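Structure first, then comments.
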Amino acid sequence: GQLGAMKEGSVDAAVSSPPYEQPVGHPSIGSVNKDNWGNDGRDIAGRRGLDSRYGEDQRGGDTFWSAAKEIVQQTFDILRPGGHAIWVTKAFVRKGKRVDFPGQWRALCEAVGFVTLHEHRALLVENNGTQGGLFGEDTEHRTERKSFFRRLAESKGSPRIDWETIHCQIKAEKP
């Protein structure tokens with residue numbers, strides 16, 4: 001919608017994260033924001049006139065990738081030659097296995113025509129060292145910037161997701 005209405009070649013840079021597929025009967029991939037719900041179970045966002053389904057994919061997996069391709073293509077189209085696109089992505093877990101969503105997203109972007117310049121990792125875990133205890137035991141100190149639900153899943157044996165992947169890409173100059 002909104003990207004398609006913009007003039008082709010009119011933007012120098014775009015920074016975004018991709019939409020996330022919502023498996024049928026499951027919360028969106030990523031964190032679930034329970035703050036939108038009041039104590040009575042009614043949706044606060046809906047009471048404020050906001051669309052509480054923002055970010056939900058009602059169409060299912062096959063159309064997720066076609067919709068994602070449309071977003072990437074429209075982003076590519078609005079960028080001027082030499083313009084940059086920055087995508088922030090994160091792996092997720094499906095059926096107990098880590099899914100390389102960042103790699104899939106990069107492949108989609110490159111198929112549309114983007115050239116990847118850099119790939120960075122933004123750590124969600126910071127190790128702050130080990131401290132000796134009063135009675136000889138060592139305590140490892142670390143800070144985790146993860147949702148409660150991700151920490152809970154990992155405590156139950158789910159594969160760890162300790163970083164987000166940032167793809168820095170460019171719309172190549174026309175030869």
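So, with a 1.4 angstrom probe, what is the percent of accessible area on the range 66-118 that is carbon and sulfur? Walk me through the numbers on the way to the answer.
On the way: 1370 of 2480 Å².
So the carbon and sulfur contribution to the accessible surface is 55 percent.
Taking R0 as 41 Å, what FRET efficiency do you get between residue 12 and residue 163 from their Cβ-Cβ distance, rounded to the nearest 0.05? Efficiency for this residue pair is about 0.90. Taking each residue as 0.36 nm, the span from residue 154 to residue 118 lengthens on full extension beyond its C-alpha to C-alpha distance by 10.1 nm.
Please find the FRET efficiency linking residue 104 to residue 172, where r is the Cβ-Cβ separation and R0 is fixed at 25 Å, and quote it to the nearest 0.05. All intermediate terms of the calculation are to be shown ahead of the outcome.
On the way: r = 21 Å, r/R0 = 0.85.
So, using R0 = 25 Å, E works out to roughly 0.70.
Test of the criteria: in the range 97-169, which chymotrypsin sites (Phe, Trp or Tyr not before Pro) are in a DSSP loop and have at most 16 other Cβ atoms within 10 angstrom of their Cβ? Before the final figure, lay out each step's value.
On the way: sites: 105, 114, 135, 148, 149, 163; in loops: 135.
Listed in order of number, the matching sites are 135.
The values are calculated or read from the model by the stated rules, or taken from the named source; none is laboratory data. Note that the structure is predicted; figures quoted are calculated from it, not measured. Heads up, the Cβs are rebuilt from the backbone with ideal geometry, glycines too, and the neighbour counts pull from every protein chain shown. These accessible areas exclude ligands, DNA and RNA; they are computed on the full protein's heavy atoms, side chains included. Shrake-Rupley method; radii C 1.70, N 1.55, O 1.52, S 1.80 Å.
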